[in-house]
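Notes follow the structure.
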Amino acid sequence: MLFTLFKSFAPLVVLLAGPGMCAGADRACDRCLEVRLQQEVNSYSSRVGDRVQGVLIAPFRVYGFDRVAAGARVWGEVAEVRRVGVGIVRETASMTLRFTKLEREPGVAVRIEARVVTIDNARERVDGEGRMRGIRSTNTPGFRAAGLLTSLAAVDPIALVFSTAAFASVLRFSEPEIRLEAGTELLVELLEPVEWAPLPPPLLGLPEAVPEEMLRRLPYRTHTAERWIDSDVTNLVLAGEAAAIERAFQAAGWQAPEALTAAARFRTLRAMAENQEYKEAPMSLLLLEGAPPVQNWAKALNTFSKRHHLRVYATGERWLGRPVFTAAATQDVAINFSRGRELFTHLIDEQIDRERSKVVNDLVFTGCVESVGLAPRPWLPEDLFNATGQTLITDREAAVMVFNDCLAGKRFDEAVGPAPGPHRGNRAKRIARQTVLTFRNDIYRGSLWYQGASILTQTVRHYRKSPQTMQAVPGPKLIGTVVKEPKMGARGADWTPPLVELSFHAGMMVFSNSSVGAEGMRIASPHRPGESLTLQAANRVSPGFTLGGGVTLHQFRWYSHELGFGYQRGSYRMELQGPSSVAEQDSGFLTRRFSYNGLVHLRPRESRWRPYVAAGPVLQLVHLTHAPFTKARGIFRFGLNNVGMFRAAYGFGSEPPLAGGGIFQTGLQFGGGVRYRVSPHWTVLFDYRNTCSPRPDLLRKSLEPQVLPDQVARGKMIQQRVSAGFAFTF
């Protein structure tokens, strides 16, 4: 994956020699063009033969000389495309682009034969034939984890309903179709050698040498905010007004990351779980001599694990009548688990000069750079590591760019034609696709054993991959008490309103009137044939305890959606009163409940104290604790795990309660409570809920036709819950 940059004699040639995207390729590519698409292609609507146009965003070089200048146009076509559609035929999409013509000079086009090698910062992979292969939606980390937990929850039909609804509300189903919008950058390999004459060198050299004294005054080593561990190395010097630099990065397609807040952390976690894009993902705070960056920039495509990013710092210096900034640029290429640190972190391309070239090429292409060159810094150490222990490989030179006012910068997403059509279909088709793909996955990979083995295999493979990648971070030993730096004021943004709460509660359950109904029975007399006896059964439930959890979505300022699962247990006593005696039988009375409640808050979402009222429907399963659960049988043991559990659950619901079955009920729940957010991530809650449902006819369902219809006490069963708990807040 790593390769040595070709160096020529002229500083400008060195600067533009290494294409930034080659960091994503698996081998050195000395016959590659960096192409930016100027029209969208996608696997859903594109057809074989559709025209594709792009533009070179970096000069193509052979033996250190420009053969094709940046800005040259390239043309090609869609050679092959296979879409997922509704998912009946295939689970993944694929597409092949072939480029056949290049405008080497204005008005002069030549024939080429080229194929795609890499899509910059993409979740899709490209095989050896140039075929782009999309992701499998049911293979994302979030879907696999949800499938495993749902399989565990499938032993309880109510828990299965809750887990399915909770995951569907928190995690999105990843789109399997391939979509390359205008502005997507590709590495395209020429399949035949070229014999093009060199072009005249570009006239972008610096007007004068950068003063060495100023370069020596510029700090070059960033450090972490709390422990002051050395991290990235600055590799860019920017001379220009801050507003002009900002306009240049925006024109080049770079975006300012969001602040590191609780909500941003949730979006980051969701992007990782779904293998989805999060172009505004926050960046960790790195300081330069104790000062935070004045600008942060990132450039991504459709995955969180890969992106270009840099931090810009003010220096207080001036040169050529302009303020001077310095920046540290690196490219994230993967997410890896750091041994010893017990956390997930981004891996960067250790050849940081490639990212330096990528930034320069992007900014020069906008027309916002007046001059550019390289400045040597031999005083930099040779052995460099970042804060996560990765080696930093560099020639110890800084790219120097002088900016104009950039009032008319050339946009990165310039389009020359409309999109071929929708990239994923309408809502009905997306629902059908998700249903079919999920069902296919359950058939092939639905068993709990398959999912557990798959996750274990992936974990072991990830653990063994690149065992030396994360090294111990060298540096001075800490002596005495470690004094943390005061947190930056921006950290207060962690108190932004929460988006999601994952809660747990415990408390007491009271059954209204301590009764679930009285029923009368007629049975044959054992002593007088032809005669019958009438018995009265009084079924009583004493108070018990309740445990549960929930997922609350705070999508609006005053209104929230809550999905809950509750486990309520009381003490059940059946009193069977006959002509001359009373028989009693004790058992546990168990209710498992799935609920949806709408919460209307009395204070807005940004408040720490939030009283609320709640109401919504419930689905519950009532049975005696001695009732066995019917397990899946036959073919339902293999593959169709969830389907088997559904079959068993409804068989369980049809069994007589006294013979081990249960009763499914619907009801209505209402109540209220208060939430108090004690920290950006933790909330305590106090809650009262009242659930109203039909009285369960335990005897009538078990002993018909012996139960007398006119002696069954009708009415409602009232369950009152008082509980307290806590929630983890994003």
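Take the residues in segment 578-596 that are at pLDDT 80 or above and touching a His at 6+ places or on another chain (Cβ under 8 Å), then tell me which one is least open to solvent (accessible area, probe 1.4 Å). Working first, answer last.
Going residue by residue through segment 578-596, those that are at pLDDT 80 or above are 589-596.
Restricting the remaining residues to those that are touching a His at 6+ places or on another chain (Cβ under 8 Å) gives 590, 596.
Details: L590: 12, Y596: 71 Å².
Filtering first and then ranking leaves L590.
I'd like the full set of residues that are aliphatic (A, V, I, L, M), within 16 Å of S45 (Cβ to Cβ) and not in a strand (DSSP E or B), limited to segment 76-106.
V84, V86, A93
Keeping to segment 215-228, report how many residues are under 16 Å from D383 (Cα atoms) and in a loop (DSSP other than H, G, I, E, B).
1
Right, A28: modelled with pLDDT of 85 or more, in contact with a Phe, Trp or Tyr (Cβ under 9 Å, 6 or more places away or on another chain), in a loop (DSSP other than H, G, I, E, B) and aliphatic (A, V, I, L, M) or not? Show your work before the answer.
Working: modelled with pLDDT of 85 or more: no; in contact with a Phe, Trp or Tyr (Cβ under 9 Å, 6 or more places away or on another chain): yes; in a loop (DSSP other than H, G, I, E, B): yes; aliphatic (A, V, I, L, M): yes.
In short, no.
Only one residue in F65, F60 is under 24 Å from L363 (Cβ atoms) and either open to solvent by 40 Å² or more (accessible area, probe 1.4 Å) or touching a helix residue (DSSP H, G or I) at 6+ places or on another chain (Cβ under 7 Å) (or both). Which one?
On the way: F60 fails: either open to solvent by 40 Å² or more (accessible area, probe 1.4 Å) or touching a helix residue (DSSP H, G or I) at 6+ places or on another chain (Cβ under 7 Å) (or both).
Just one listed residue meets the conditions, F65.
Residues to consider are R491, R445, R461, R427; find the one that is under 27 Å from the mean Cα position of the chain (by Cα), within 30 Å of P219 (Cβ to Cβ) and either at pLDDT below 85 or exposed (fewer than 14 other Cβ atoms within 10 Å of the Cβ) (or both). If you could, list the steps in order and put the result at the bottom.
Details: R445 fails: within 30 Å of P219 (Cβ to Cβ); R461 fails: within 30 Å of P219 (Cβ to Cβ); R427 fails: within 30 Å of P219 (Cβ to Cβ).
When all the criteria are applied, what remains is R491.
Of the residues in segment 78-88, how many are surrounded by fewer than 19 Cβ atoms within 10 Å (Cβ to Cβ) and either free of Cβ contacts under 8 Å to residues at least 12 places away in the same chain or within 28 Å of F412 (Cβ to Cβ) (or both)? Step through it out loud before you land on a result.
Initial filter on segment 78-88 (surrounded by fewer than 19 Cβ atoms within 10 Å (Cβ to Cβ)): 79-80, 82, 85-86, 88.
Retained after the next criterion (residues that are either free of Cβ contacts under 8 Å to residues at least 12 places away in the same chain or within 28 Å of F412 (Cβ to Cβ) (or both)): 79-80.
The total comes to 2.
Which residues, taken from segment 540-563, are of a type in the set (V, I, T) and open to solvent by 80 Å² or more (accessible area, probe 1.4 Å)? Break it down into steps so the answer makes sense when it comes.
Applying the first criterion (of a type in the set (V, I, T)) to segment 540-563 yields 541, 546, 551-552.
Matches in segment 540-563: none.
Which of (1) in contact with a strand residue (DSSP E or B) (Cβ under 6 Å, 6 or more places away or on another chain); (2) part of a strand (DSSP E or B) is the odd one out, the single condition P323 does not satisfy?
Against the list (1) in contact with a strand residue (DSSP E or B) (Cβ under 6 Å, 6 or more places away or on another chain); (2) part of a strand (DSSP E or B), P323 comes up short only on (1).
Just need a number here: residues in segment 283-299 that are open to solvent by less than 40 Å² (accessible area, probe 1.4 Å) and part of a loop (DSSP other than H, G, I, E, B). Even if it seems obvious, please write down each step before you answer.
Going through segment 283-299, the residues open to solvent by less than 40 Å² (accessible area, probe 1.4 Å) turn out to be 283, 286-288, 290, 293, 295, 297-299.
Subsequent filtering for residues that are part of a loop (DSSP other than H, G, I, E, B) retains 283, 290, 293.
The qualifying residues number 3.
Restricting attention to segment 341-362, does a residue exist that is touching a Cys at 6+ places or on another chain (Cβ under 6 Å) and over 30 Å from R227 (Cβ atoms)? So that I can check it myself, show each step before the final result.
Residues of segment 341-362 that are touching a Cys at 6+ places or on another chain (Cβ under 6 Å), as a first pass: none.
No, because not a single residue in segment 341-362 is touching a Cys at 6+ places or on another chain (Cβ under 6 Å) and over 30 Å from R227 (Cβ atoms).
Do you know which residues across segment 357-395 are of a type in the set (F, W, Y) and within 20 Å of L206 (Cα to Cα)?
At the first step, the residues of segment 357-395 found to be of a type in the set (F, W, Y) are 365, 379, 385.
Result: F365, single match.
Could you tell me whether any residue of segment 399-412 is modelled with pLDDT of 85 or more, in contact with an Asp or Glu (Cβ under 9 Å, 6 or more places away or on another chain), basic (K, R) and not in a strand (DSSP E or B)?
So far as segment 399-412 goes, no, none of its residues is modelled with pLDDT of 85 or more, in contact with an Asp or Glu (Cβ under 9 Å, 6 or more places away or on another chain), basic (K, R) and not in a strand (DSSP E or B).
In segment 229-282, how many residues are in a loop (DSSP other than H, G, I, E, B), over 24 Å from V500 (Cβ atoms), open to solvent by 20 Å² or more (accessible area, probe 1.4 Å) and not aliphatic (A, V, I, L, M)?
The number of residues fulfilling the criteria is 1.
Mind checking which residues of segment 162-187 are assigned to a helix (DSSP H, G or I), in contact with a Leu (Cβ under 9 Å, 6 or more places away or on another chain) and either within 19 Å of V436 (Cα to Cα) or of a type in the set (S, T, N, Q) (or both)?
Applying the first criterion (assigned to a helix (DSSP H, G or I)) to segment 162-187 yields 162-170.
Imposing the further condition that a residue be in contact with a Leu (Cβ under 9 Å, 6 or more places away or on another chain) reduces the set to 162-163, 165-167, 169-170.
Those that are assigned to a helix (DSSP H, G or I), in contact with a Leu (Cβ under 9 Å, 6 or more places away or on another chain) and either within 19 Å of V436 (Cα to Cα) or of a type in the set (S, T, N, Q) (or both): S163, A165, F167, S169.
Among the residues of segment 348-377, which ones are surrounded by fewer than 21 Cβ atoms within 10 Å (Cβ to Cβ) and either modelled with pLDDT under 85 or among the small types (G, A, S) (or both)?
G367, S371, A375
Just to be sure, is T138 among the β-branched types (V, I, T), out of contact with any strand residue (DSSP E or B) (no Cβ under 7 Å at 6 or more places or on another chain) and buried (at least 18 other Cβ atoms within 10 Å of the Cβ)?
Numbers: among the β-branched types (V, I, T): yes; out of contact with any strand residue (DSSP E or B) (no Cβ under 7 Å at 6 or more places or on another chain): yes; buried (at least 18 other Cβ atoms within 10 Å of the Cβ): yes.
The answer is yes for T138.
Quick check on my filter: what residues within segment 89-114 are in contact (Cβ under 8 Å) with a residue 24 or more places away in the chain, surrounded by fewer than 18 Cβ atoms within 10 Å (Cβ to Cβ) and within 24 Å of R125 (Cβ to Cβ)?
Matches in segment 89-114: T100, E113.
Could you check, for segment 187-205, whether at least one of its residues is more than 27 Å from E103 (Cα to Cα) and without any contact (Cβ under 8 Å) to a residue 24 or more places away in the chain?
At the first step, the residues of segment 187-205 found to be more than 27 Å from E103 (Cα to Cα) are none.
No, the conditions are met nowhere in segment 187-205.
In this structure, does A10 turn out to be within 21 Å of L363 (Cβ to Cβ), at pLDDT below 85, surrounded by fewer than 21 Cβ atoms within 10 Å (Cβ to Cβ) and among the small types (G, A, S)? Break it down stepwise before answering.
Values: within 21 Å of L363 (Cβ to Cβ): yes; at pLDDT below 85: yes; surrounded by fewer than 21 Cβ atoms within 10 Å (Cβ to Cβ): yes; among the small types (G, A, S): yes.
The answer is yes for A10.
Regarding R179, is this residue modelled with pLDDT of 90 or more and open to solvent by 50 Å² or more (accessible area, probe 1.4 Å)? Lay out the reasoning, then the answer.
On the way: modelled with pLDDT of 90 or more: yes; open to solvent by 50 Å² or more (accessible area, probe 1.4 Å): yes.
Yes: the conditions hold for R179.
Can you tell me which residues in segment 124-142 are assigned to a helix (DSSP H, G or I) and touching a residue at least 60 places away in the same chain (Cβ under 8 Å)?
Residues of segment 124-142 that are assigned to a helix (DSSP H, G or I), as a first pass: 137-139, 141-142.
Within segment 124-142, S137, T138, P141, G142 meet the criteria.
The values are calculated or read from the model by the stated rules, or taken from the named source; none is laboratory data. The shown structure was predicted, so the numbers you read here are calculated from the model rather than taken from an experiment. Cβ atoms come from the backbone with ideal geometry, glycine included; neighbour counts cover every protein chain shown. Please note that ligands, DNA and RNA were not included when accessible areas were found on the heavy atoms of the full protein model with its side chains. Shrake-Rupley method; radii C 1.70, N 1.55, O 1.52, S 1.80 Å.
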